[in-house]
Amino acid sequence: MLSANIQEQINRELKKYPVDQKQSAVMSALRFVQDEKGWIATEDMADIAAFLGMPQMAVYEVATFYHMYNLKPMGKTTLTVCTNLSCTLCGSADTVAYLTSKLGIGFGEVTADGKYGMREGECMGACKDAPLMTINNKKLCGRLTPAKIDQILAELDKS
């Protein structure tokens, strides 16, 4: 069951679209659930589908297509590293290797303390700053080096 807060947010979002196009709010609805719970369960997708009057499979297709949705708990802080061509050519494999050695996790995994999760992401649209990663799908960090990654992790550890 979607919380009252999520339902209220979805209803506000629905005002942006024609009445017969409720499914247009599916990406926002998924984001609202993830913001509140940290991840999106299959049951949440079913609830979103019912709320928006659309097939459950259509919600699942959106949730699995985009890399910004966590379909399992991914820790307090999710680091999404771009591995698309531009980032790969600019060293994203080194970024991944460094994060893996530093945190002891690979893609789709969460640190033992639940603090960090790491995901592989597609193009983030800032190729000039490659290699890139996002923090919780909100903050974009580019031109990553081991020193810069250490600085980012130190700042995250303080918060």
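Can you say whether residue 137 is in contact (Cβ under 8 Å) with a residue 60 or more places away in the chain and either crowded, with 20+ Cβ neighbours inside 10 Å or of a type outside the set (A, V, I, L, M, F, W, C) (or both), as far as the supplied structure shows?
yes
For the subset of segment 38-80 comprising residues that are more than 18 Å from the chain's Cα centre (by Cα) and of a type in the set (Asp, Glu), which member is farthest from residue 109 (Cα to Cα)?
Restricting to residues being more than 18 Å from the chain's Cα centre (by Cα) and of a type in the set (Asp, Glu), the top hit is 47.
Can you tell me how many residues in segment 15-33 are of a type outside the set (Phe, Trp, Tyr) and over 18 Å from residue 56 (Cα atoms)?
So the count comes out to 4.
For segment 23-73, list the helices (runs of 4 or more DSSP H) that sit wholly inside it and hold at least 1 residues that are basic (Lys, Arg); which are they?
26-37
Give the residues of segment 86-128 that are under 24 Å from residue 157 (Cα atoms), assigned to a loop (DSSP other than H, G, I, E, B) and among the acidic types (Asp, Glu), sorted by residue number.
113, the sole residue that qualifies.
List the number of the failed condition for residue 94; all other conditions in (1) outside the structural domain of residue 30 (by TED's automatic domain parsing); (2) in contact with a helix residue (DSSP H, G or I) (Cβ under 9 Å, 6 or more places away or on another chain); (3) within 19 Å of residue 37 (Cα to Cα) hold.
Only one criterion in (1) outside the structural domain of residue 30 (by TED's automatic domain parsing); (2) in contact with a helix residue (DSSP H, G or I) (Cβ under 9 Å, 6 or more places away or on another chain); (3) within 19 Å of residue 37 (Cα to Cα) is unmet by residue 94, namely (3).
Determine which single condition residue 64 fails, assuming it passes every other condition in (1) farther than 21 Å from residue 33 by Cα; (2) in contact with a Leu (Cβ under 8 Å, 6 or more places away or on another chain); (3) surrounded by fewer than 19 Cβ atoms within 10 Å (Cβ to Cβ).
Condition not satisfied by residue 64: (1).
The values are calculated or read from the model by the stated rules, or taken from the named source; none is laboratory data. Owing to the predicted nature of the structure, the values given are computational and were not obtained by experimental measurement. Using ideal geometry, Cβ is built from the backbone for each residue, glycine included, and neighbour counts are taken over all protein chains shown.
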